[in-house]
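J.: Okay, handing you the structure first.
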Amino acid sequence: MTVPAPETAERPVKRRRRWPWILGGATAFLAIAAVVLTLVFQFGLPWWKGEGDHHHVHVSADGARQHYQVHLPPQHDGSTALPVMMAVHGCGMTGFGWNSMKASTQFNTLADREGFIVVYPTQRPFQSSINCWNSADPQNQVRGAGEPALLAGVAREVVENYGADADRVHVAGASSGAGTAVILGATYPDVFATVTSVAGGEYGLNQVDPDDPDATPPTATARQAWEQMGDRARPVPLLIVQGGQDEVVPPVVGERLVEHWSAVLDLVDDGSLNDSLGLVAETVVHEPTGQRYGYEQTTFRTPAGATLIEYVFAAELAHAWSNPQSEGIFTDVAGPDASEIAWAFAQLHDAAAASGTGAGPAG
């Protein structure tokens with residue numbers, strides 16, 4: 001008798017689960033894409049670099065790396081020490097990548113005509129959620145550390161590498177970069193001859209309550225700025241450009257900056273808030289022309305005629321860098337030419353002419 005073999009149960013075929021691999025691959029792709037986009041945002045694409053543009057990385061003593069681009073005008077031939085303009089971008093911007101300070105200011109065109117070197121530092125990746133310079137952080141308001149040390153290091157490096165004029169190194173900033181520029185004027189008055197602030201505020205602005213600004217008078221933050229100067233104290237000239245329609249940095253901030261820096265200069269002169277400089281203000285009204293609106297330009301001079309502060313107020317200007325050829329998000333082509341005004345202001349001054357004239361704080 002033949003016994004039938006028992007039926008063999010069919011075993012299910014094990015299939016590899018592919019979705020973890022797919023998910024992992026997609027995650028890796030997105031991570032790589034995020035890095036690539038960040039690099040393009042910060043540093044641009046290779047073909048964005050024009051004639052005379054050179055990329056550099058400054059490495060500080062503690063290993064921090066600061067990327068920057070230098071633009072050399074045709075006049076740079078090694079025989080003449082040219083002046084330098086450092087342009088420090090604002091939030092949501094870069095130095096020479098996407099939405100750059102380079103495109104906003106159009107300094108390169110001006111530099112090629114006038115013969116000066118331009119430097120565009122760009123904030124280090126992931127230092128700020130919207131790529132601001134951290135001028136509100138007290139750690140970045142002192143000499144020898146943080147962002148001021150990096151930017152001063154960049155300036156010194158440019159002077160050394162390109163044979164630039166160390167007495168004619170200027171800095172201009174927009175928004176958070178303007179705050180950083182003012183900080184550089186206080187922490188490195190021996191490096192920067194002049195400061196230009198476009199839509200920026202005073203040294204230590206983070207201490208001022210927007211709802212009660214009078215609780216911290218400009219003289220209080222002025223003393224802190226003066227103390228930062230130490231034995232390097234000198235009357236650093238300051239240009240301020242302020243928009244009447246600026247809702248990010250309202251006009252009261254620009255007005256405070258005038259008072260603040262006037263107090264800094266007063267302290268530098270003899271160590272006291274006694275109006276010893278006797279600054280005299282003169283206002284010139286620039287009328288609208290064509291599609292461009294007008295503005296007021298107030299100059300504060302010593303009795304001897306030295307210009308120490310200029311305040312440009314454009315009632316129709318919002319939170320933007322203004323230049324007829326400006327390109328970018330935070331720009332205005334109808335306002336005063338901030339680039340031309342900044343360069344004209346810089347030409348009035350050099351650090352050597354004003355060095356050794358100030359009274360530094362004790363200690």
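The numbers here are math on the coordinates, done by the rules we state, and not lab data. Since the model is a prediction, treat every value here as computed from it, not as a measurement. Because the Cβ atoms are built from the backbone with ideal geometry, glycine has one as well, and the counts that use them run over all protein chains shown.
J.: I'd like the Karplus ³J(HN,Hα) series for the range 290-305: coefficients 6.51, -1.76, 1.60, θ = phi - 60°, whole numbers in Hz, and an x wherever there's a Gly or Pro.
T.: For the range 290-305, the Karplus curve yields x, 8, 9, 8, x, 7, 10, 10, 9, 10, 10, 10, 6, x, 7, x Hz.
J.: When a/c reaches 1.5 or more, the comparison of a/b and b/c decides; with that in mind, is the range 51-354 rounded, prolate or oblate per its Cα gyration tensor?
T.: Taking the square roots of the gyration eigenvalues as a ≥ b ≥ c, the range 51-354 is rounded.
J.: Residues with beta-carbon under 9 Å from that of Gln69, excluding Gln69: net charge, scoring Lys, Arg +1 and Asp, Glu -1?
T.: Result for the neighbourhood of Gln69: +1.
J.: Calculate, for Asp275 and Val142, the FRET efficiency according to 1/(1 + (r/R0)^6) with r their C-beta to C-beta distance and R0 30 Å; round to the nearest 0.05.
T.: Calculated value: 0.60.
J.: Tell me, in nm to one decimal, what length is gained between Ser79 and Ala64 on full extension, where the rule is 0.36 nm per residue of separation less the Cα-Cα distance?
T.: Net length gain for the segment: 2.2 nm.
J.: While we're here: Taking the simple approach of a point 7 Å from Cα along Cα-to-Cβ for both Thr298 and Glu259, what is their distance in nm?
T.: Once both label points are built, they end up 1.1 nm from each other.
J.: On to the next question. Give me the number: length gained by fully extending Glu340 to His56, i.e. 0.36 nm times residue separation minus the C-alpha to C-alpha distance, one decimal in nm.
T.: Working it through step by step, the gained length comes to 99.6 nm.
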